[in-house]
1. Find which of Val45, Leu23, Pro141 sits farthest along the positive direction of the dipole of segment 3-166, computed with +1 on the beta-carbon of Lys and Arg, -1 on that of Asp and Glu, about the Cα centre.
2. List, in the order given, every pair from Lys146/Lys169; Lys7/Lys130; Lys7/Lys168 whose Cα-Cα distance in the structure shown is over 32 Å.
3. Which ³J(HN,Hα) values, rounded to whole Hz and listed in residue order, are derived for segment 63-72 from phi using the Karplus coefficients 6.51, -1.76 and 1.60 in 6.51 cos²θ - 1.76 cosθ + 1.60 with θ = phi - 60°, glycine and proline given as x?
4. Taking 8 Å as the Cα distance limit and 6 or more residues as the minimum spacing, I'd like the relative contact order of the chain as a percentage.
5. Any idea what the dipole of the chain comes to, in debye rounded to 20, about its Cα centre with Lys/Arg Cβ at +1 and Asp/Glu Cβ at -1?
6. Could you work out [θ]222 nm for the chain from helices alone, using -39500 (n - 2.57) per DSSP H run of at least four and dividing by all its residues? Round to the nearest 500 deg cm²/dmol.
7. Compute the relative contact order of segment 100-174 as a whole-number percentage, counting only Cα pairs closer than 8 Å that sit 6 or more residues apart in sequence.
8. May I ask you to evaluate 6.51 cos²θ - 1.76 cosθ + 1.60, the Karplus curve with θ = phi - 60°, for each residue of segment 88-93 and list the ³J(HN,Hα) values in order in whole Hz, giving x for glycine and proline?
Amino acid sequence: MNNHAIKSGVILGIIGIVITLLLYLIDPTLLASGWIGFGSLIIFVGIVAYFGIQHRNESGGFMTFGQGWVYSIQVFLIAGLVSTIFRILLFNVIDPELSEIVVDQMVENQASTLSGFGVPEDQIDEQLDKIRESGMEGNTPIGMLKGFLFLAIVYAVLSLITGAIIKKKEPELE
C-alpha cells in the first residue's frame, strides 16, 4: 500500500466516525436509517474519487483503471477498518444499550414497510423476529467484523466506480 492511500483511508475513516458520532448525538435511531447509510456511501465514493485524482496528479497525472481500482480499494478498506473499530467501541464499550435502540428502530422501520405492502401479520412477526436476532448479532464485535468482510465486497464494487473516475490515459506518442 502506498502512503497516500493509507493517509486517505484514515481521513475517510475519521470522516465516517464524525458522521456516526453526529448521528448518535442528534438521534441514535438515525443509525438505523438505510437512507443515511446509502447517502454516506455516495459521499464516500466522491471523497475517494477526489483523493484518487489528487494522488493521480501527484504521481505524474496519469493512472490506469487497475491502478485506480487498487488505490480505491485500499482507501475503502482502511476507512472501513477504522470505522469498524470505532463502531465496536461505540456499541460495546461506550454505549452498550445502543444496539437495542438501533435494532428496535430497524424493527419499527421494517414493520411499517411490510405493513405498507399488505404482508399478513403472522409473516410480519416472523420477519421482525429474524431482523431483531440478526440485528443484535450484527452489533457484537464478531458480527461487526463479519459485516466488515461483507462490506469488503461492496468496497470492491465501489472501487470499480472510483477507479473509472480516477483513471486517465497517457496520450499516445506518434
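1. The residue sitting farthest along the positive end of the dipole is Val45.
2. On the way: Lys146/Lys169 37 Å; Lys7/Lys130 39 Å; Lys7/Lys168 22 Å.
Going by Cα-Cα distance, Lys146/Lys169; Lys7/Lys130 fall outside the 32 Å limit.
3. 7, 6, 4, x, 5, x, 5, 4, 4, 4
4. Working: 171 pairs, mean separation 63.8, N = 174.
So the answer I get is 37 percent.
5. Details: 9 positive and 17 negative charges, 213 e Å.
For the chain, the charge dipole is close to 1020 debye.
6. Numbers: 6 runs with 137 residues, N = 174.
-27500 deg cm²/dmol, from helical runs alone.
7. Details: 21 pairs, mean separation 19.5, N = 75.
This gives 26 percent for segment 100-174.
8. Per residue, the Karplus-derived 3J(HN,Hα) values read 4, 5, 4, 7, 10, 10 Hz.
Since every read-out is calculated from the coordinates, none of them should be taken as a lab result. All values reported here derive from a predicted model rather than from experimental measurement. Neighbour counts are summed over all protein chains in view; Cβ atoms, including those assigned to glycine, are modelled from backbone coordinates with ideal geometry.
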